[in-house]
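Colleague: Quick one: the structure is below, and I'll ask about it shortly.
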Amino acid sequence: MVGGRVWQHFLYFLIIIISIERLLVIPTKEGSEFDTNMLLK
Amino acid sequence: MYRSRTIFLLFPLLCCFINSRAQQDVSNVLEKIKGSLSLEVLHFDDANKIREKQKVAFIDKSNGSLKTQDAEWKTSVTALQQDADGGLQLSIKFKLLRGAVNNASTAINFNFSDWSIKNYVMIPAAVYNGNRFPVLKGGYMPPYTSDMFCNKNVPLTISDNPRLALHEGEPSKIDLLTWNASTPAMSFFSPAMHKGFIVLAEPKTKWGINGLSVEENADRSKAAFSVTAPGVREYAAGFGDFSKSQDKPSNWKAGDEIEMKVYVYVFSATDIPAFLQTYMDKRKRLLGESPQYYVAPMSAIFHYTTLQVDKARVHKPSFYDTMYFPENSFTRFQLGWIGGLMNTYPMLSLNDAERSKWIANTFDFVVSKMQGKSGFFYGVLDNGVTTVPERPIPDSIKAIHPEIVSNAMVRKNGDALLWMYKHFLLYKELGRGNEIKPEWKAAAKRLAQAFVNTFEREGELGQYVDPESGKIVVYNSAAISSAPAGLVLAATYCHEPAFLKTAEAIADSYYNRFTKTLGLTGGNCGDISMDPDSESAFGLLESFMALYWATGKKHWLELAKAETALGSTWTVSYNYEFPKQSDLGSFDAHSTGAVWASTQNKHAAPGICSASGDYLFKLYRATGDTKVAQLLKDIINGHTEEVELPNRPTVSAGVTGSERGTKLGCSMERVQISDAEGRGVIGKLYNGSNGWTELNGLLMSLELPGIYLQTDRNEMFVFDQVQATSVKDKNGLILMTLKNPTPFDASVSVFAETSKQAAKPLSYTAFVHWPKVSLPAGKELTVQVNKDGSVKNIQK
C-alpha cells in the first residue's frame, strides 16, 4: 500500500516534469535550443 | 436646398428599398454558383458539440423569424453596398425578442448544391485545396513513414491539420475561428462551373471571435460555408494536432442583438490562378486598408539589426575561424532557409575589411565542409564535422538503398545556390570580384549542375536529396522553389545557357503541377511535412522574376502575378486586436503584413522566410500594380512592428527589470493571433531573437527602395515609414517633400527612373546605386529629383 503511494507520487512527479518540459519547448524554426533560453526571462 | 430636402425625404424610402432587396440581391449573387443563404441558431452541449440547429424562416425579402416554445428570434438581412462587379456587402442581425437562450451561437450559412470534391476550397493561411490530403499524426513535424522514402508516387502528405475528408464515409468538416486565417475569409473555386466564391467576415462581435466553418454532406453533393458568432469549435487546431477548444457559446437574454457584416462575391474564373488573383483583389474589401503607422524608418531597422548581428551572429567556434552563424546555436550551422550563408549578404554590403574576412570564412566553411559528392549540400552540420540527415532514414529503406547515405532539404540547396550567386554579383558590384575564390565558384557551379542532373534524370527535384549520391530521398512537394532563380543566376554568371533552359523547365513544371493544378505550394520549411507554406510560394515568385530578368519574357510576369496572389493569402490583411495584457498588445502592435509560414505552424511572423520580397517590388515595377506594392509595404510594416528599438521594447516587452528594452535590433518569429498554442500564448513574444527575422529586416532595408518614383509619370510609391509628396515645378523638375514622423533619424533610399527604364528588368544589385536622403527624426525636407535619378537637397 505504502509502496503504491510512492509509485503514485513518482508518477505525479513525472507527469508534472513532462508537462513543464512540454511548456518549455516552443516550436520555432531553430528548434528547442532557442526556446528554452527564451523562456528564461 | 430643394434637392437636399428631397434626398432627406427619399432617404427612408431608399433604405426600405435597399432592405427589401437584400435577400433578393444575395440570392441573385449566390444562385450564379448554385448557392443560397440561410440563417440558423446553433445550440451546443457542454462539450461544444452541436446539439440542435434551428433554422430561421424568412418572412419577406429582408426579415426572418424563429419562434420556439421558449424563445423568439428576429433577423434581418440588409444590403449595405453592392459593387458594380456584383460584390455585395451585407449586414445581418440576430435579435432575441423573447426568452433566454444559453449555450448558443448564430450562423450565416452559404449553402451550395451541385457540390464536388473537385472544388478548390481555400481559407487563407489555413486551408488549401480543402487540405484534402493524407495526414501524418504526431504533432509538430511528425516523422515520415517508411513508405514515404524513395517513393516516386508518394502522395502530398501533410501534418494533422483541419481538413475536409479524404475518404468516403468520413465526416467532412473544417471548424476554425477567424484568428486561424490571415484574413477572415472562406472561398472556393468550382472548375466545373468556372466560378469562384469568396465570403469575407469581420473578426469578431461582442460575443467574441467569429467562427468559419466548411461542412460537406455525406455524399459530398452539398457543402455549407458558415460564419458564426461566436465561433464555437469542439477542437482547436494546434501545430499538427488538436486539443479540446476553450470556445464558449454565448448566453442570450431578451433584447440581446448582434450584427455581422459580410462581403459576398461570386465571379467567373477560368482556373485556380485567376481565382487567386481575384481573391487578392478582394481580400481587404470588407475591413479596408490598415492605417499607416510610423514606427521606424528602414535605415533604423538596418542600423539596430546590424548591432544585433554583430553581437549575436558572429562567433569563433572551437572548430573553425570566426564566421557568421544564422541562429542562436554556435555548434549547429543550417544552410539557407533561416539564413545560413544568407545573413552574410547584408554584411557584405557594408563593404568593410573585418566583416569581409568573416564572410569569407563562412564561405570557406560551407564550401569545404558541407558539400556532398553529388554537388548538393548538406542542410545541417553540427560542430563543424557531423552532417545531420534532416529526415532520419528507416533501416528498411537503408537496406534497399545502400547507396543513400543521408538527406538534405532541396529548399536549402536552392537557397544556397541563389545566395552564393547573389554574393558573387554583389562582390563584383562593389568592385571586389577578385575576392571570390575559385573554390567558391566551383562549388556553386557543381551545385547548379547537381540540380540539372537530378531534374534531367527524375523530371522533378523532390523534397529531400542525398548529397552524396544525388538521389531523391523524398519525392513530391514544391521545395525547389528558389532553385530556378539560383540556376538563372548561375547561367548568367557562368555563361551556361543549359542552366537557364533547365531553370525554365523546372519553373514551368512546378507552376503547373502545384500553383495551377493544386492551388498551393508546400514542403519548403525545415520543420513541416509537405504542408502548404508561404515560403515555397514566395520562393517560386523569386524564380519567376529571376526568369523575367534573364529572358524578358512576359510569360514569367503572368506566372509571377498568380504566385503573388498565392503569397497574399499568407499575409495578414488586418490589424488583429491583441489582448492588452499580452506582449504584442502591451505596445499596441499591428498585425497587418505579418506572414504565415505554413498551415502546420499556426502563427504569422515578421517577414517572408527569408527574403526582402524584392521580387514583389520588381513585379510592381514591371506591371504598375499598386496592390503588389501595397502587399510588400504591408510586409515591411508588419516586420518593423516587431523589432526592438530604443524606447520600444518588443521581444523584451514581457520582461521586468533592467533587461527590458535592451534587445535592440532583436525580433522573433511569433505574431500569434490565435489560440493554436493555447489562449495564454496569444500575442506572446519570447525574450530573444530569430536570426531569420533579423535577416528579413536587413534585406528589406537593403534591397528595397524607400521611395520609388517614375519621373515621367505621376507614379510614386513610398515603402519606407516616411511621408512623401512630389510635384513638378515650372521647369519640369520634380520636387519631392519628405517628412519623417518617426522618432529615428532616417536615411531614405530613393529610386527614380523613367517608365522606359522601368520596362527593363532590374538588376540584383541596383540598390548599391540608389541615392539616400538624410532626414532627421520629426523633420521635413524638400529635394530635387533629377532626370537621371540623382537627388539634390534644396531646402531644409
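The values are calculated or read from the model by the stated rules, or taken from the named source; none is laboratory data. Because the structure is predicted, anything quoted here is derived from the model rather than measured. Here the Cβ positions follow ideal geometry from the backbone for every residue, glycine too, while neighbour counts run over all protein chains shown.
Colleague: Any residue in the range B:655-674 that is at the interface with chain A (Cβ under 9 Å from one of its Cβ atoms) sitting within a Cβ distance under 6 Å of a residue that is modelled with pLDDT under 95 and surrounded by fewer than 18 Cβ atoms within 10 Å (Cβ to Cβ)? List the pairs, counting only those 6 or more apart or interchain.
Modeller: Pairs that qualify, where the first residue is at the interface with chain A (Cβ under 9 Å from one of its Cβ atoms) and the partner is modelled with pLDDT under 95 and surrounded by fewer than 18 Cβ atoms within 10 Å (Cβ to Cβ), are B:V655/A:K41.
Colleague: Does B:Q246 fit the bill of being part of a loop (DSSP other than H, G, I, E, B) and more than 24 Å from the chain's Cα centre (by Cα)? Let's see the steps before the verdict.
Modeller: Numbers: part of a loop (DSSP other than H, G, I, E, B): yes; more than 24 Å from the chain's Cα centre (by Cα): yes.
When the stated conditions are applied, B:Q246 passes them.
Colleague: Within the range B:199-241, how many residues are part of a strand (DSSP E or B) and within 24 Å of the chain's Cα centre (by Cα)?
Modeller: From the range B:199-241, those part of a strand (DSSP E or B) are B:199-201, B:204-205, B:208-209, B:211-216, B:223-229, B:235-237; that's our starting set.
Restricting the remaining residues to those that are within 24 Å of the chain's Cα centre (by Cα) gives B:199-201, B:204, B:209, B:211-214, B:225, B:227, B:236-237.
Selection size over the range B:199-241: 13.
Colleague: Considering only residues that are within 14 Å of chain A (Cβ to nearest Cβ), farther than 17 Å from B:V127 by Cα and touching a Ser or Thr at 6+ places or on another chain (Cβ under 9 Å), which ones fall in the range B:526-566? Break it down into steps so the answer makes sense when it comes.
Modeller: Step one: filter the range B:526-566 for residues within 14 Å of chain A (Cβ to nearest Cβ), giving B:526-529, B:531, B:533-535.
Subset that is farther than 17 Å from B:V127 by Cα: B:526-527.
Selection gives B:D527 alone.
Colleague: Go through the range B:442-483 residue by residue and tally those that are of a type in the set (K, R), part of a helix (DSSP H, G or I) and touching a strand residue (DSSP E or B) at 6+ places or on another chain (Cβ under 8 Å).
Modeller: Going through the range B:442-483, the residues of a type in the set (K, R) turn out to be B:445-446, B:457, B:471.
Pick out the ones that are also part of a helix (DSSP H, G or I) and you get B:445-446, B:457.
With the extra rule that they be touching a strand residue (DSSP E or B) at 6+ places or on another chain (Cβ under 8 Å), the set shrinks to B:446.
Count: 1.
Colleague: Return yes when B:T305 is touching a Ser or Thr at 6+ places or on another chain (Cβ under 9 Å), within 30 Å of B:M370 (Cβ to Cβ) and either among the hydroxyl-bearing types (S, T, Y) or not in a loop (DSSP other than H, G, I, E, B) (or both) and no when it is not. Even if it seems obvious, please write down each step before you answer.
Modeller: Working: touching a Ser or Thr at 6+ places or on another chain (Cβ under 9 Å): yes; within 30 Å of B:M370 (Cβ to Cβ): yes; either among the hydroxyl-bearing types (S, T, Y) or not in a loop (DSSP other than H, G, I, E, B) (or both): yes.
It is true that B:T305 is touching a Ser or Thr at 6+ places or on another chain (Cβ under 9 Å), within 30 Å of B:M370 (Cβ to Cβ) and either among the hydroxyl-bearing types (S, T, Y) or not in a loop (DSSP other than H, G, I, E, B) (or both).
Colleague: Here's another thing I want to ask about it. Could you check how many residues of the range B:321-361 are away from chain A (no Cβ under 14 Å) and not acidic (D, E)?
Modeller: Step one: filter the range B:321-361 for residues away from chain A (no Cβ under 14 Å), giving B:321-324, B:341, B:344-361.
Still in the list and also not acidic (D, E): B:322-324, B:341, B:344-351, B:353, B:355-361.
Selection size over the range B:321-361: 20.
Colleague: Let me ask something else about it. Could you tell me whether the range B:280-289 includes any residue that is at pLDDT 95 or above, over 30 Å from B:R355 (Cα atoms) and either touching a His at 6+ places or on another chain (Cβ under 6 Å) or surrounded by fewer than 16 Cβ atoms within 10 Å (Cβ to Cβ) (or both)? Talk me through it step by step, then tell me what you get.
Modeller: Taking the range B:280-289 as the starting set, the residues that turn out to be at pLDDT 95 or above are B:280-289.
If we keep only those that are over 30 Å from B:R355 (Cα atoms) as well, we get B:280-289.
Checking which are either touching a His at 6+ places or on another chain (Cβ under 6 Å) or surrounded by fewer than 16 Cβ atoms within 10 Å (Cβ to Cβ) (or both) leaves us with B:288-289.
Yes, the range B:280-289 has at least one match.
Colleague: Just one of the numbered conditions (1) buried (at least 16 other Cβ atoms within 10 Å of the Cβ); (2) over 21 Å from B:A181 (Cβ atoms) is not true of B:N251; which one?
Modeller: (1)
Colleague: Given the conditions (1) within 14 Å of another protein chain (Cβ to nearest Cβ); (2) assigned to a loop (DSSP other than H, G, I, E, B); (3) under 30 Å from B:H423 (Cα atoms), and given that B:E694 satisfies all but one, which numbered condition is not satisfied?
Modeller: (2)
Colleague: Looking at (1) within 14 Å of chain A (Cβ to nearest Cβ); (2) over 18 Å from the mean Cα position of the chain (by Cα); (3) outside any loop (DSSP other than H, G, I, E, B), which is the only condition B:S701 fails?
Modeller: That leaves (1) as the condition not met.
Colleague: Identify, from the list B:A491, B:A450, B:A505, the residue that is of a type in the set (A, V, I, L, M, F, W, C), in contact (Cβ under 8 Å) with a residue 40 or more places away in the chain, farther than 24 Å from B:S159 by Cβ and surrounded by fewer than 18 Cβ atoms within 10 Å (Cβ to Cβ). So that I can check it myself, show each step before the final result.
Modeller: Details: B:A491 fails: surrounded by fewer than 18 Cβ atoms within 10 Å (Cβ to Cβ); B:A450 fails: surrounded by fewer than 18 Cβ atoms within 10 Å (Cβ to Cβ).
Checking each option against the conditions leaves just B:A505.
Colleague: In the range B:634-647, is there at least one residue being in contact with a Cys (Cβ under 6 Å, 6 or more places away or on another chain), surrounded by 23 or more Cβ atoms within 10 Å (Cβ to Cβ) and more than 30 Å from B:S763 (Cβ to Cβ)?
Modeller: If we filter the range B:634-647 for residues that are in contact with a Cys (Cβ under 6 Å, 6 or more places away or on another chain), which is where we start, we get B:644.
Still in the list and also surrounded by 23 or more Cβ atoms within 10 Å (Cβ to Cβ): B:644.
In the following step, the residues that additionally are more than 30 Å from B:S763 (Cβ to Cβ) were identified as B:644.
Yes, that holds for at least one residue.
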